[in-house]
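Below is one structure, written out as structure tokens; the observations come after it.
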Amino acid sequence: MIGMAALLLLAMSCKKNEEKPLGGEVCFRASIEPPSGTGKTHLADNGHTVLWDANDAITVVNGQETPVAWDFTVVEINPEDGSKADFVSSEHGVPEGFFTPDYKAYYPASMYDKAAGKVSLPSEQVYKAGSFYPGYNPMAAQSHDENLHFQNICGVLMLQLTGRCTVDNITITSRGESNLWGTAEITMEDDKYDEAMTPTLGTLANGGNSITLKC
């Protein structure tokens with residue numbers, strides 16, 4: 001029996017004039033980087049794609065002089081294309097003046113430290129056949145409006161497992177001193193605000209050089 005494990009490795013419409021509780025209104029529309037083979041992460045060669053999950057949440061940082069970060073959760077996933085979804089505020093509303101022309105967004109929301117303005121990549125990941133377990137494919141987006149085109153910030157290593165033994169976990173260790181998990185800043189290209197934008201993950205600190213896939 002052949003199993004497949006996908007392990008991430010470093011490869012390095014809310015209206016703007018409405019500032020009130022959102023209720024069920026769409027606030028941001030987000031899409032995932034298409035599996036064209038040109039991005040850092042893609043599974044297209046094996047017929048797999050990465051789709052939004054009903055429990056997904058993102059953090060959006062607005063373009064104010066003193067940026068404000070707020071969490072939004074999935075309210076509806078496009079039934080014809082699961083890589084597109086609508087998000088609404090995780091709370092009852094949003095801070096006054098939140099909606100500005102420019103936004104930066106991060107997935108998953110749990111990855112982003114609002115106080116430090118950094119992301120945190122975990123030392124352990126969880127197995128899911130043919131794809132990523134929800135929340136383990138970190139992405140970032142930059143936009144002039146409420147349409148967010150998320151791009152991957154990591155690469156993918158696909159492992160084909162054969163034989164009769166049971167595998168509990170798989171650990172990957174870098175040969176050098178470079179960390180494979182920890183905290184870092186994400187740099188966005190200043191002049192690109194659409195699907196052409198490429199986020200860059202900085203050097204990981206406060207982490208380690210081994211990551212484990214729990215099978």
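The values are calculated or read from the model by the stated rules, or taken from the named source; none is laboratory data. Given the structure is predicted, the values throughout are model-derived calculations rather than measurements. Heads up, the Cβs are rebuilt from the backbone with ideal geometry, glycines too, and the neighbour counts pull from every protein chain shown. Surface accessibility is based on the protein's heavy atoms, side chains included, excluding ligands, DNA and RNA. Shrake-Rupley method; radii C 1.70, N 1.55, O 1.52, S 1.80 Å.
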Inter-label distance, nm, simple model (7 Å from Cα along the C-beta direction), Glu189/Asp81: 2.0
Placed amide H near Thr198: partners under 5 Å, 5+ positions off or other chain: Glu189
Portion, in percent, of the accessible area of segment 148-215 that falls on carbon or sulfur, probe 1.4 Å: 44
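D for segment 70-171, whole µm²/s, Stokes-Einstein with Kirkwood Rh over alpha-carbon pairs at 10 °C and 1.306 mPa s: what number?
97
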Residue-normalised accessible area of segment 128-208, given per residue in Å² at a 1.4 Å probe: 55
Alpha-carbon centroids, segment 109-153 and segment 180-211: separation in whole Å: 10
Inter-label distance, nm, simple model (7 Å from Cα along the C-beta direction), Glu91/Ala115: 1.6
